[in-house]
């Protein structure tokens, strides 16, 4: 399989700045479409992982309306950093990855076979234990 470098067109900072400029215009985005922590636009179709992160953190931390987002929340950096990192990945990186043809699902059987090439017996045993059970049943 040929290796292809990942090309990232825009930095998260540029996206954030563009979002902030947009929000100062006459028609700011719907607050429900913004991340409650960093006020950037959420992806149009968030993954179940991002939805769960937002749901879990939403009820645990207090409301803190921001000038650009009346539905803003306040959380420790360690918490909202994870949420915002996932949100930026899904908004910026994931669409580019898909556009460039990178796989978005892991084929565990193929990965195991590639990784096992040249391994000793004890290493292969550890690798087999690390593969999710549902994929081992597919073999």
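Restricting to helices (runs of 4 or more DSSP H) lying wholly in region 30-139: which have 2 or more residues that are crowded, with 16+ Cβ neighbours inside 10 Å and modelled with pLDDT under 75? So that I can check it myself, show each step before the final result.
Numbers: elements: 48-60, 77-88, 94-99, 108-116, 121-130, 133-136.
Hits in region 30-139: 108-116.
For beta carbons closer than 9 Å, sequence separation of 6+ or different chains, a first residue in region 47-65 that is over 14 Å from residue 37 (Cβ atoms) and assigned by TED's automatic domain parsing to the domain that holds residue 37 and a second that is modelled with pLDDT of 85 or more and assigned to a helix (DSSP H, G or I), the qualifying pairs are 47/86; 47/90; 47/94; 49/86; 49/90.
The values are calculated or read from the model by the stated rules, or taken from the named source; none is laboratory data. These numbers were taken from a predicted model, which means no experiment stands behind them. Glycine gets a Cβ as well: all are built from the backbone with ideal geometry, and neighbour counts include every protein chain shown.
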